[in-house]
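Since the structure comes first, as structure tokens, the remarks are kept for the end.
FYI, it's all coordinate maths here, none of it is from the lab. Quick caveat: nothing in here was measured; it's all calculated off a predicted structure. Every residue, glycine among them, receives a Cβ derived from its backbone with ideal geometry; neighbour counts consider all protein chains shown.
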Amino acid sequence: MRRGKIQPGRRENAEGLDIRVVQTNRVSKTHKGGKSPSWSILVVAGDKEGKVGAAIGKARGIPDAIRKGEDSAKRQMKTFPRVGKTIPHRVIGREGSTRVLLQPASPGTGVVAGGAVRAILEAAGIQDVLAKTLGSRNAVNCAWATMNALSALMDPVARARERGLDIKDLAPWFAEAEPEEKEEKEEKEEKSAPAEQKDTENQEKKEEQVAQTEQARQEEPEKKKDQAAKQEPEVETAGGTG
């Protein structure tokens, strides 16, 4: 089996998901009549809103393998808790001899990771995080270990309810981050609201124009009748004077 290089390619499908091809492997199976080559491709799919999945697609051709991997990754997508643009707490994921450490970071830090770990975190919408890979650095093991770490994340609000504590006592930093998230949502809503208002105003103007044109068409015959009625007495008076 010959291992391929990690591919930097990414794209968005019709559903708006971020699709990333992380690694391509060219494999071959030996039969009685010879070898049959095929491809094994690691694909990551995420919506950048806390939902991500990873899977491997296998086929004789690269496009078919990518398509299979994309379909499987979309089926395996899971939602993970976030706090703003980072993760709620420190966590370690394991897969075989690979360990992936994820740690929250302050705003503006960015994604300090590489390879499959970076692809999964960015596809999940995590923008500030510190990551470290320990042990084997195989791309597939790193991907599964990262998914294992994300699945171990806990929601601070749900955890506080289970323990019967106030969120401010359990995670004071989370209580401080909530107003920032609300402000960001309000800003997005304010930006989207003017566009919606413009659309409604344009529709109303179009409807008014259509109504005005219909009224004008209906009034044209009446105006012609009025003009004809006004012209008839003028003709009679002119004949009487003569």
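Percent of Cα-Cα pairs more than 27 Å apart in the stretch 2-154, please. Don't skip to the answer; put the middle values down first.
Numbers: 2530 of 11628 pairs.
Here the long-distance tail beyond 27 Å is 22 percent of all Cα pairs in the stretch 2-154.
If you line up the Cα atoms of the stretch 78-148 on their principal axes, what length do they span on each, largest first, in Å?
Result for the stretch 78-148: principal-axis Cα extents of 31, 23, 19 Å.
Spin-label point model (7 Å from Cα, Cβ direction): what's the Gln218 to Val112 distance in nm?
7.2 nm
Between Glu204 and Arg75, what is the FRET efficiency for a Förster distance of 35 Å, r being their Cβ-Cβ separation, to the nearest 0.05?
0.20
Can you compute 3J(HN,Hα) from phi for each residue in the stretch 54-71, using the Karplus curve 6.51 cos²θ - 1.76 cosθ + 1.60 with θ = phi - 60°, rounded to whole Hz and x for Gly and Pro?
Whole-Hz 3J(HN,Hα) from phi for the stretch 54-71: 9, 7, 10, x, 10, 6, 6, x, 5, x, 5, 5, 5, 4, 5, x, 5, 4.
Roughly how many nanometres apart are two label points built 7 Å out from the Cα toward the Cβ at Asp166 and Arg90?
If labels sit at Asp166 and Arg90, their model points lie 2.7 nm apart.
Length gain on complete extension for the stretch Ala211 to Glu49, per 0.36 nm per residue less the alpha carbon to alpha carbon distance?
On the way: separation 162, 0.36 × 162 = 58.32 nm, distance 4.41 nm.
Roughly 53.9 nm would be gained on extension.
Once label points are set 7 Å from the Cα along Cα→Cβ at both Arg159 and His31, what is their separation, rounded to one decimal in nm?
In this crude spin-label approximation the distance works out to 5.3 nm.
List, in the order given, every pair from Lys35/Lys74; Lys29/Lys68; Lys78/Lys132 whose Cα-Cα distance in the structure shown is over 26 Å.
Lys35/Lys74
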